[in-house]
1. Solvent-accessible area per residue for the stretch 195-336 at a 1.4 Å probe radius, Å²?
2. Put +1 on the Cβ of every Lys and Arg and -1 on every Asp and Glu Cβ in the chain; which of Val303, Thr43, Thr271 then has its Cα farthest towards the positive end of the dipole?
3. Give the distance, in whole Å, between the Cα centre of the stretch 1-73 and the Cα centre of the stretch 115-175.
4. Over the stretch 19-122, what is the relative contact order in percent, taking alpha-carbon pairs closer than 8 angstrom and at least six residues apart?
5. I want the antiparallel fraction of DSSP beta bridges within the chain, as a percent rounded to 5.
6. Would you work out what percent of the accessible area of the stretch 1-112, with all protein chains in place, is carbon or sulfur (probe 1.4 Å)?
7. Which one, Ile168, Val126, Met287, projects farthest toward the positive side of the charge dipole computed for the chain from Cβ point charges (K/R +1, D/E -1)?
8. Search the structure for amide H atoms under 5 Å from the amide H of Ile37, placed 1.01 Å from N in the peptide plane, and list their residues when 5 or more places away or on another chain.
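The values are calculated or read from the model by the stated rules, or taken from the named source; none is laboratory data. All of these numbers come straight from a predicted model, not from anything done at the bench. Cβ sites come from the backbone with ideal geometry, for glycine too, and all protein chains shown count toward neighbours. Calculation scope for accessible area: heavy atoms of the full protein, side chains included, ligands and nucleic acids excluded. Shrake-Rupley method; radii C 1.70, N 1.55, O 1.52, S 1.80 Å.
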Amino acid sequence: MQVIPPRFPKGRPRRLRRTPWIRNLVKESPVSVNDLIMPVFLTDRTGGSEEISSLPGLMRYGIDGAVELANECSGLGIPAIALFPYVDAELKTRDCSEAVNPENLVNRATRAIKQAVPDIGIMLDVALDPYNPTGHDGLVENGEVLNDETLEILVRQALVQADSGADILGPSDMMDGRIGAIRAGLDSAGHHGTAILAYTAKYASVFYGPFRDAVGSSGALTGDKRTYQMDPCNADEALRMAARDLEEGADMIMVKPGMPYLDICSLVKSTFRAPTFAYQVSGEYGMIMAGHQRGYFDLDAAVIESLSSFKRAGCDGVLTYFATRAARHLKKAGVT
Ligand code: PBG
């Protein structure tokens, strides 16, 4: 069907832009609080909460603080939070054993939040970087990031996290075959209901810088992640990755970073019609905050516009450090 709009002066596109109510009526891709996942940084260090110097306006929370924040998110209607631990240097070992410790920070926090705020979804990253002295997402031997050996420990990490009550696992490691291995591991342990949101098209990006400071892995990182994360120039490869991850059992797929990769979001969504998420990463948060601090734009307006772009590109939801801010703004504006 080809739609030929009537020509001016019969056709006047401004008719549908005249008033707020008519603009609302024809709005195509509004963002709603239901679309948001809030990443939350955890710390064991002070027992309390502390500011994150690389992410102005964001905190690392002790477990009590994280429970409080989860409660606030739930009250705002945010469906899920994603927990990321700051791990002390002395807990980072070459075998990354802290990743599979049922008593590690993310697992304790997950159990505490599940008990106190049972109605919010909890997502956990499956990857070794917070626990690895090299800062890499996989086991490292002679400077090489090992694939198959890493899969074994990732499966164990996923099982411990599912046992702790995680609802969604987010393999963010980019090893080959991880989704199939983790799905099989979960199923054989009876965790049929634990969902996988795969970091499917995860690019080797400079925009992760502030996150690596927030979880204490940037000082540790030796080299870069280009032997497993994707080349920012590649789009066809994102489609192949999505096909693989879905075939291996991913329930949902993700594109990361977000705004510089809206073309990939759109391509992946229109090709597979699967639940698709974007991760508006730490460097994107930083750019928007910096622009606001310089007086370039109003922060809430910039946040809502950026989140709307993900919806327009076809995303079903967004992981964003602005989730609580956006939720508060939407509530004030009467958007549900
Ligand atoms: C770790 C992981 C990273 C992010 C989420 N999980 C960093 C990385 O791959 O180095 C980045 C998130 C952000 O920048 O906000 N596997």
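1. 43
2. Val303
3. Between the Cα centre of the stretch 1-73 and that of the stretch 115-175, the gap is 27 Å.
4. Working: 132 pairs, mean separation 31.7, N = 104.
So the answer I get is 30 percent.
5. Among the beta bridges of the chain, antiparallel pairing accounts for roughly 10 percent.
6. Its accessible area is 53 percent carbon and sulfur atoms.
7. Positive-end residue among those listed: Met287.
8. Under 5 Å from the amide H of Ile37: Val318, Leu319, Thr320.
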